[in-house]
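To keep things clear, I will list the structure first and then write my remarks on it.
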């Protein structure tokens, strides 16, 4: 899969951009604050409809303008034209010039995995970050998962609202408990199937990056073991006091163990960086396995933060992506520019919201 | 008055129209401008229609559907089956099911569905009225025809529990594939429901 064309209008610092990209390894060079990461952000947005920097729509509009537009041509088994327009008054998402009615019909048109500084939160952050990591993978590979997840979250919100009503209506609580259980069980089951498939990929990525040959284990820790309904029953008294749903897959954890010990507390800064990178590599490998084609890899200046040996560990993944006629976009500055990737690079210079091909 | 603002009565009309469901400020303004430039007799007759409709239409005291007479024609019809009650969310749903012409029992409009996040609880729905009708004796089956989202489904679970002691059958309408269409148009949840709710066929 690759991105053949990208058009931006009033997106971040780009007033207007029209660029064509071949499959292969693209390096976006430029000084800081020229718009390198903004390009990756636009590609990621076209793939997931979210900013990997957690930015809302307003922040993505070029200063003083009404709305932004992203046009993308995704070439996979078929060629699809993506159009995204966002302004305060209007949001428009089109696929081949037709309005998209259901998100599930759209997601998967363009698949991308981003490597960025925020990845460190996968190791350091709260369980919510790791749940999102599992959910994103499942939503992209398992039909129906996203629908169950949205339904489950709606059931949790509704049930919490019931628990906050005074006096507590038991029958009403039961009605929403039924829905919570119905949507929650397939989510737990899907995560339970995912983690054993993901764990060996993360372990082998970790081994290839870290010279020390450390072992990384992923362990899915569903907050509920056994029947969800029985667990909810058991928490009834506490729920009544706390007035919120206290058990369920919205509180699950994906535990990371380095050499058998919890990584969040025992790993060094360098090891945490290794683990975060290994998780992202596992994500890319898993998506490749599930769809038969590699996702587009977006690498935001992480090479600069990695030492020589960790960079070397990442290279095979990047080369494989390229080999399978995939695509890699990597930002770097003149200083962090990875010289070991000398061959067959497509170089671009980014300066003040403009993109210029650099002859090899 | 500046050149850019509309005369005050037009502004007030636009504001009143803008409170109607489905009308944004721009459409409300366009309608208001259209009305003040229309033939006066047409506008007068529109106003009369609004008043007439509002004055003569009321919810049916039995089923809650919209009617001119009490009880409504469907509740008064002696030819309909008193042993079946079909429970729907809105008066419009009554028309939809009635139009399909396949249901010959009575109706009951809830006036919404349980929605704790928007503050709609059991006391806001016509549930006591439903229980009263069920306790009346003739009813043998209550058919729930509600939406299939979280709130609609939770309302069904709730009703099933609440009516459980009444010694009647509580069922809900099947959900699955739209008639006459292929599997390719169904989303995953719909297919899951369709498989769950499969039926044996005789060969």
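Side notes on the structure shown:
- Matching residues in the range A:138-152 - criterion: being crowded, with 18+ Cβ neighbours inside 10 Å and either in contact with a strand residue (DSSP E or B) (Cβ under 9 Å, 6 or more places away or on another chain) or more than 7 Å from chain B (Cβ to nearest Cβ) (or both): A:138, A:139, A:140, A:141, A:145, A:146, A:148, A:149, A:152
- Boolean, residue B:109 is surrounded by 15 or more Cβ atoms within 10 Å (Cβ to Cβ), under 28 Å from residue A:162 (Cβ atoms) and within 14 Å of another protein chain (Cβ to nearest Cβ): no
The rows are residues; the columns are (1) farther than 29 Å from residue B:156 by Cβ; (2) modelled with pLDDT of 95 or more; (3) surrounded by 21 or more Cβ atoms within 10 Å (Cβ to Cβ).
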| site | (1), (2), (3) |
| --- | --- |
| A:192 | no, yes, no |
| A:197 | yes, yes, no |
| A:204 | yes, no, no |
| A:226 | no, no, no |
| A:236 | no, no, no |
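- There is no residue in the range A:102-110 that is under 20 Å from residue A:278 (Cα atoms) and either at pLDDT 95 or above or crowded, with 18+ Cβ neighbours inside 10 Å (or both).
- Restricting the range A:165-175 to residues that are under 36 Å from the mean Cα position of the chain (by Cα) and under 18 Å from residue A:237 (Cβ atoms), the residue that is farthest from the other protein chains (Cβ to nearest Cβ) is A:173.
- Conditions (1) within 12 Å of chain A (Cβ to nearest Cβ); (2) without any contact (Cβ under 8 Å) to a residue 40 or more places away in the chain; (3) within 21 Å of the chain's Cα centre (by Cα); number of the one not met by residue B:192: (3)
Listed here are the residues, each with its yes/no results for (1) closer than 22 Å to residue A:348 by Cα; (2) part of a loop (DSSP other than H, G, I, E, B).
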| residue | (1), (2) |
| --- | --- |
| A:43 | yes, no |
| A:51 | no, yes |
| A:58 | no, no |
| A:65 | no, yes |
| A:74 | yes, no |
| A:94 | no, no |
| A:101 | no, yes |
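- Inside the range A:295-325, residues that are surrounded by fewer than 22 Cβ atoms within 10 Å (Cβ to Cβ), modelled with pLDDT of 70 or more and closer than 20 Å to residue A:108 by Cα make up a count of 1.
- Residues in the range B:82-104 that are without any contact (Cβ under 8 Å) to a residue 40 or more places away in the chain and crowded, with 19+ Cβ neighbours inside 10 Å were compared, and the one that is nearest to residue B:172 (Cα to Cα) is B:94.
- Residue tally, condition outside any strand (DSSP E or B), more than 11 Å from chain B (Cβ to nearest Cβ) and in contact with a strand residue (DSSP E or B) (Cβ under 9 Å, 6 or more places away or on another chain), over the range A:105-117: 6
- Single match in B:151, B:129 (criterion: part of a helix (DSSP H, G or I) and in contact (Cβ under 8 Å) with a residue 40 or more places away in the chain): B:129
- Selection of the range B:131-150 for residues being within 20 Å of residue B:91 (Cβ to Cβ), within 14 Å of another protein chain (Cβ to nearest Cβ) and buried (at least 19 other Cβ atoms within 10 Å of the Cβ) yields B:144, B:146.
Conditions (1) within 14 Å of another protein chain (Cβ to nearest Cβ); (2) farther than 30 Å from residue A:236 by Cα; (3) more than 22 Å from the chain's Cα centre (by Cα), marked per residue:
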| residue | (1), (2), (3) |
| --- | --- |
| A:67 | no, yes, yes |
| A:87 | no, yes, yes |
| A:94 | no, yes, no |
| A:102 | yes, yes, no |
| A:136 | no, yes, no |
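- Of the candidates A:194, A:254, the single residue that is within 29 Å of residue A:146 (Cα to Cα) and assigned to a helix (DSSP H, G or I) is A:194.
- Looking only at residues of the range A:122-134 that are free of Cβ contacts under 8 Å to residues at least 60 places away in the same chain and in a helix (DSSP H, G or I), we find that the one that is nearest to the chain's Cα centre (by Cα) is A:132.
- Those residues of the range A:238-258 which are in contact with a helix residue (DSSP H, G or I) (Cβ under 9 Å, 6 or more places away or on another chain) and either modelled with pLDDT under 90 or over 24 Å from residue A:123 (Cβ atoms) (or both), in sequence order: A:239, A:240, A:242, A:243, A:244, A:245, A:246, A:247, A:248
- Given (1) closer than 25 Å to residue A:166 by Cβ; (2) more than 14 Å from chain A (Cβ to nearest Cβ), index of the condition residue B:125 fails: (2)
The values are calculated or read from the model by the stated rules, or taken from the named source; none is laboratory data. Here the structure is a predicted model, which means the values were calculated and not measured. We place every Cβ from the backbone using ideal geometry, glycine too, and count neighbours over all the protein chains shown.
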